[in-house]
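Participant: If you scroll down you'll find the structure; I have some questions about it.
The values are calculated or read from the model by the stated rules, or taken from the named source; none is laboratory data. From a predicted model like this one, the values you see are computed outputs, not experimental measurements. Here the Cβ positions follow ideal geometry from the backbone for every residue, glycine too, while neighbour counts run over all protein chains shown. We work out accessible area using only protein heavy atoms, side chains counted, and drop any ligands, DNA or RNA first. Shrake-Rupley method; radii C 1.70, N 1.55, O 1.52, S 1.80 Å.
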Amino acid sequence: MTSNPVGVVLDTIDAQMGETVEALRQLVRIPSVTGDENRAQLHMADLLRQAGLTVETFTPTHAEVAGHPSFSDDGLPLGERRVVVGRMGSGSPVVVLNGHIDVVPAGAEERWRHPPWSAEIEGGCVWGRGSCDMKGGLIAGWAALRAIATVGCGLDVSVLFASVIGEETGGVGTLSSVVRGHVGDAAIVLEPTRGEICPVGAGALSFELDVEGKAAHGAMRQHGVSAINKFTGLLAAIHELETKRNARMDHPLYRSGFLAAPISVGMVAAGDWISTVPERLVASGRYGVLPGESVIEARREFESVVSDSASADTWLSAHPPIVRWVEGQFAPAETPVDSLVVSALGRAHSRVVGGEMGLHGVPYGSDLRFYVNDARMPAVLYGPGDVKHAHTVDERVSIAEVAQVAKVLAVTLLDWPGQ
C-alpha cells in the first residue's frame with residue numbers, strides 16, 4: 001500500500017486505458033435492449049469481479065415492486081432479468097455508483113455510419129448503441145475501481161456499484177435495488193453529462209392519447225370523421241402547452257430559453273385501410289415535467305389542455321379523447337448544489353482537470369429520482385458522453401471523457417470528505 005496513492009491510481013488508469021476501451025467495446029457488442037439484458041449483465045458481473053468487487057446478483061419480481069408508489073409498469077416480464085451489485089470496501093460512509101445496462105433499439109441499422117453493435121473506434125470515440133447511454137459511464141466507474149484495486153490502496157468509504165435493468169422504460173432495476181437496501185450516504189448516477197455535474201433533472205411521463213373518429217369509405221369521406229384530422233388540432237394545443245410551460249421555467253442551472261421540459265409525440269397509429277376514413281388514432285409520447293413540479297399537477301395540466309381543446313370541437317366534445325399514463329413515469333429530482341457529493345466531485349475535478357467543474361440541469365428523467373425522492377439521499381448525474389448522441393443513429397462516446405470521468409471518480413472516492 002502506498003501512503004500517497006492518488007497519483008499512482010491516476011497513472012494506473014492511464015496505463016489500463018487500452019484494456020478499458022476494449023472492455024467498453026465488448027460491452028457495446030452485447031445487445032441489451034430493455035427486456036433482454038441478461039447476457040450483458042453476466043458480462044458486467046464478471047468485469048466487477050475482475051476489478052476486485054464482491055458481486056451479488058438478483059432478479060427483481062413484480063410482487064416486490066408493484067406496490068411501490070414509484071413503480072412504473074412497462075409490461076415487460078420480471079423474475080429472470082438480473083440486477084448486478086458489486087461492493088468494494090467496508091467503511092463508512094457508503095457511496096453508490098449506478099448505471100443502467102439496458103439500451104433503446106438501434107432502429108434502421110443501414111443509417112448508421114458503423115453497425116450499431118460493432119463498437120468501432122473513430123475520431124477518438126467508441127461508436128455503437130449504448131456507448132454513450134450509458135455503457136461508457138458504467139465502464140468509467142469500473143475503470144476507477146479497477147485502478148484502485150490494482151494499486152491496492154484500499155478505500156475508507158464503501159462503494160456499491162449497481163448495474164441495473166429497465167431504466168429506459170421506468171427504472172425497475174434501480175427501484176428494486178433501493179427496495180433491497182442498496183443505498184448509502186450519496187449516489188452518483190453515471191449518465192452522460194459531458195463530464196459535468198448535474199444535480200437536478202426534469203421528469204418525463206409517458207402518455208397515450210386515444211382519439212375517436214368515424215369510419216367511412218374514402219370516396220365518401222364527407223360522411224366520416226377522420227381521427228387523424230382531429231388529432232392535428234390536439235397536437236397544436238399540445239405544442240402551445242410546451243411553449244407555455246417552459247416559458248415559466250426559472251432555474252439557475254438551466255440557461256434562459258432552454259427547453260427543460262419537452263413534449264414529444266414519438267409514435268402515431270391510425271387507420272386500418274388506405275381507402276377508409278380512420279376511426280381511431282392512438283398517439284404515444286413523452287411529456288416533460290419541470291424541476292420542482294409535482295407529477296400530479298403536471299398530469300392535470302396536460303389533461304386540462306386536451307379537454308379544453310376537445311371541447312372547442314363539435315365532434316371531440318361529444319367524443320372526448322382519452323389520456324392514459326403508461327410505462328415510464330419519471331418524477332423530477334434535485335440535490336442542493338451545496339451537498340457533499342457535489343463538492344467532492346468538484347474538488348476531484350479541480351485536481352484532475354483543473355479549474356471549476358461545470359454545473360447544469362438536464363431535461364430528461366433518470367434513476368436519480370429513486371435515490372433523491374425515495375431513498376432520501378443526495379445524488380447527482382455525472383458521466384462521459386453527450387446525451388444528444390443518445391437514442392439516435394451514430395451514438396458514440398469520447399474515449400478521453402471516459403478516462404477523465406474514471407479519474408475524477410477515483411479521486412472523489414479516495415479523497416471523500418472526512419476521510
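Participant: Kindly evaluate residue 153 against the criterion of being at pLDDT below 95, open to solvent by 10 Å² or more (accessible area, probe 1.4 Å) and either over 18 Å from the mean Cα position of the chain (by Cα) or at positive phi (or both).
Facilitator: For residue 153, the condition - at pLDDT below 95, open to solvent by 10 Å² or more (accessible area, probe 1.4 Å) and either over 18 Å from the mean Cα position of the chain (by Cα) or at positive phi (or both) - is met.
Participant: Can you find even one residue in segment 346-355 that is in contact with a Ser or Thr (Cβ under 7 Å, 6 or more places away or on another chain) and touching a residue at least 40 places away in the same chain (Cβ under 8 Å)?
Facilitator: Scanning segment 346-355, I find at least one residue that is in contact with a Ser or Thr (Cβ under 7 Å, 6 or more places away or on another chain) and touching a residue at least 40 places away in the same chain (Cβ under 8 Å), so the answer is yes.
Participant: From the list 374, 313, exactly one residue is modelled with pLDDT of 95 or more, among the acidic types (Asp, Glu) and within 21 Å of residue 209 (Cα to Cα). Which is it? Break it down into steps so the answer makes sense when it comes.
Facilitator: On the way: 374 fails: within 21 Å of residue 209 (Cα to Cα).
Of the residues listed, the single one that is modelled with pLDDT of 95 or more, among the acidic types (Asp, Glu) and within 21 Å of residue 209 (Cα to Cα) is 313.
Participant: Among the residues of segment 335-371 satisfying the criterion of being in contact with a Gly (Cβ under 7 Å, 6 or more places away or on another chain) and of a type in the set (Phe, Trp, Tyr), which is modelled with the highest pLDDT?
Facilitator: Looking at the filtered set, the residue picked out is 370.
Participant: If you don't mind, another one. What about residue 104, is it touching a helix residue (DSSP H, G or I) at 6+ places or on another chain (Cβ under 7 Å) and under 18 Å from residue 65 (Cβ atoms)? Please lay out each step first, then the result.
Facilitator: Values: touching a helix residue (DSSP H, G or I) at 6+ places or on another chain (Cβ under 7 Å): yes; under 18 Å from residue 65 (Cβ atoms): no.
No: the conditions fail for residue 104.
Participant: For segment 261-281, give me each residue that is polar (S, T, N, Q) and either surrounded by 16 or more Cβ atoms within 10 Å (Cβ to Cβ) or not in a strand (DSSP E or B) (or both).
Facilitator: Within segment 261-281, 275 is the sole residue that qualifies.
Participant: I'd like to verify a number: residues in segment 48-70 that are more than 21 Å from residue 374 (Cβ to Cβ) and more than 22 Å from the chain's Cα centre (by Cα), how many? Write out each step before concluding.
Facilitator: Kept after step one, since they are more than 21 Å from residue 374 (Cβ to Cβ), are these residues of segment 48-70: 48-55, 57.
Those still in the list that are more than 22 Å from the chain's Cα centre (by Cα) too: 49-55.
So the answer is 7.
Participant: Going through segment 347-371 one residue at a time, which ones are open to solvent by less than 20 Å² (accessible area, probe 1.4 Å) and either more than 18 Å from residue 291 (Cα to Cα) or part of a helix (DSSP H, G or I) (or both)?
Facilitator: Correct list: 348, 349, 368, 369, 370, 371.
Participant: Give me a count of the residues in segment 80-93 that are open to solvent by less than 30 Å² (accessible area, probe 1.4 Å) and either free of Cβ contacts under 8 Å to residues at least 60 places away in the same chain or in a strand (DSSP E or B) (or both).
Facilitator: 5
Participant: Report, by residue number, each residue of segment 37-65 that is closer than 15 Å to residue 180 by Cβ, open to solvent by 30 Å² or more (accessible area, probe 1.4 Å) and either outside any helix (DSSP H, G or I) or touching a helix residue (DSSP H, G or I) at 6+ places or on another chain (Cβ under 8 Å) (or both).
Facilitator: Matches in segment 37-65: 55, 56, 57, 59, 61, 64.
Participant: Same structure, new question: Any chance segment 380-393 includes a residue that's in contact with a Phe, Trp or Tyr (Cβ under 6 Å, 6 or more places away or on another chain), open to solvent by less than 10 Å² (accessible area, probe 1.4 Å) and either under 24 Å from residue 205 (Cα atoms) or part of a helix (DSSP H, G or I) (or both)?
Facilitator: No.
Participant: Taking segment 197-224, which residues are over 33 Å from the mean Cα position of the chain (by Cα) and crowded, with 23+ Cβ neighbours inside 10 Å?
Facilitator: Matches in segment 197-224: 213 only.
Participant: Sort out which residues of segment 314-330 are in contact with a helix residue (DSSP H, G or I) (Cβ under 8 Å, 6 or more places away or on another chain), closer than 18 Å to residue 74 by Cβ and open to solvent by 50 Å² or more (accessible area, probe 1.4 Å), and write them in order of number.
Facilitator: 325, 327 - these are the residues of segment 314-330 that are in contact with a helix residue (DSSP H, G or I) (Cβ under 8 Å, 6 or more places away or on another chain), closer than 18 Å to residue 74 by Cβ and open to solvent by 50 Å² or more (accessible area, probe 1.4 Å).
Participant: Could I ask something else about it? Does segment 244-260 hold any residues that are hydroxyl-bearing (Ser, Thr, Tyr) and surrounded by 11 or more Cβ atoms within 10 Å (Cβ to Cβ), and which are they?
Facilitator: 254
Participant: Among 154, 184, 136, which is touching a residue at least 24 places away in the same chain (Cβ under 8 Å), out of contact with any Cys (no Cβ under 6 Å at 6 or more places or on another chain) and in a helix (DSSP H, G or I)?
Facilitator: On inspection, the qualifying residue turns out to be 136.
Participant: Please pick out the residue among 231, 258, 207 that is assigned to a helix (DSSP H, G or I), touching a residue at least 12 places away in the same chain (Cβ under 8 Å) and among the aromatic types (Phe, Trp, Tyr). Break it down into steps so the answer makes sense when it comes.
Facilitator: Numbers: 258 fails: assigned to a helix (DSSP H, G or I); 207 fails: assigned to a helix (DSSP H, G or I).
Within the list 231, 258, 207, the selection yields 231.
Participant: Scanning for something crowded, with 21+ Cβ neighbours inside 10 Å and part of a loop (DSSP other than H, G, I, E, B), does segment 97-114 turn up at least one residue?
Facilitator: yes
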